[in-house]
Each structure stands twice: as structure tokens, then as C-alpha cells.
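Below is one structure, written out as C-alpha cells; comments come after it.
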Amino acid sequence: MREEKLAIYDALVALCPEIERKGKTMPYTSDNGYMFSQLNKAGEIGIRLPKEAATHFMETYQTTVFRSYGAIMKGYVLIPETLHNDLALLATYLKKGHAYVQSLEPK
């Protein structure tokens, strides 16, 4: 099951050539010193978004915050499985997450 989710995550990141997937055991993306997406141990995908975009995403797609290793990941939304086949849509959110962390003060 996690292998299927990893394939989805990799396909999503591959749609955004400006974004590099990192991590061997915990796949993630980062830029400017901040992670902005992740595939957790449970095979769930989370994307970090600006607060307004995160709220809108959670309301629109009836989802919640993203958790990884039992902790709430601040600013991340849980990507519902119903969207896992809409990689084009998810790529727009991944790009929003990327733009968001690029707008933050570098770490």
C-alpha cells in the first residue's frame, strides 16, 4: 500500500520539474530551508500551504491537518485519497506550497 502511495507522490513531484524529491525513508520536498510536502509513514501525503489557502483547501475537499509520526505538521493539509488520481490539481497545490516557502525568510 505504501509503495502505491510512494508512486503517486513521485508522479506528483515529477509533474513539477523545478521541485526535487528528497529523502529515502521519508520522502519530502523542501526549499529555502523549509519542507513543503511529505509522504508520512502511513502513506499519507501532506502539503504545506499559506494559512488562507490551507483553510480553503480543507473546506473545499473536506479534509484536515496533516500528521506525521503522531505530530500535527503546522501549516500542512492532508491530501484526501479521493484526490490522489488528480495529479494535475495536486501539482497546482504543490507549486503553491513551493512558492509559499520561497516567500519565507530563509532558514
Does Ala53 meet the test of being in contact with a helix residue (DSSP H, G or I) (Cβ under 8 Å, 6 or more places away or on another chain), among the small types (Gly, Ala, Ser) and under 14 Å from Val13 (Cα atoms)? no
Could you check the stretch 25-40 and list, in sequence order, the residues that are β-branched (Val, Ile, Thr) and at pLDDT 95 or above? Thr29
Of Leu39, Leu49, Leu12, Leu6, the only residue that is of a type in the set (A, V, I, L, M, F, W, C), crowded, with 18+ Cβ neighbours inside 10 Å and over 17 Å from Lys95 (Cβ atoms) is Leu39
Output the residue which, of all residues in the stretch 52-84 that are assigned to a loop (DSSP other than H, G, I, E, B) and at pLDDT 95 or above, is nearest to the chain's Cα centre (by Cα). Ile79
Filtering the stretch 75-95 down to residues that are in contact with a strand residue (DSSP E or B) (Cβ under 8 Å, 6 or more places away or on another chain) and on the phi < 0 side of the Ramachandran plot, which residue is surrounded by the most Cβ atoms within 10 Å (Cβ to Cβ)? Ile79
Quick one: what pairs do we get from the stretch 1-19, first residue more than 21 Å from Asp31 (Cβ to Cβ), second surrounded by 12 or more Cβ atoms within 10 Å (Cβ to Cβ) and acidic (Asp, Glu), C-beta under 8 Å, 6+ apart or different chains? Lys5/Glu44
Yes or no: the stretch 45-68 includes at least one residue that is among the hydrophobic types (A, V, I, L, M, F, W, C) and in contact (Cβ under 8 Å) with a residue 60 or more places away in the chain. no
Among the residues of the stretch 6-31, count how many are in contact with a Lys or Arg (Cβ under 7 Å, 6 or more places away or on another chain) and either within 21 Å of Glu105 (Cβ to Cβ) or among the hydroxyl-bearing types (Ser, Thr, Tyr) (or both). 3
Checking Ser68 against (1) closer than 12 Å to Phe57 by Cα; (2) surrounded by 17 or more Cβ atoms within 10 Å (Cβ to Cβ), which single condition isn't satisfied? (1)
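The values are calculated or read from the model by the stated rules, or taken from the named source; none is laboratory data. Quick caveat, the model's predicted, so the values are computed rather than measured. All Cβ positions, glycine included, derive from the backbone under ideal geometry; neighbour counts span all protein chains shown.
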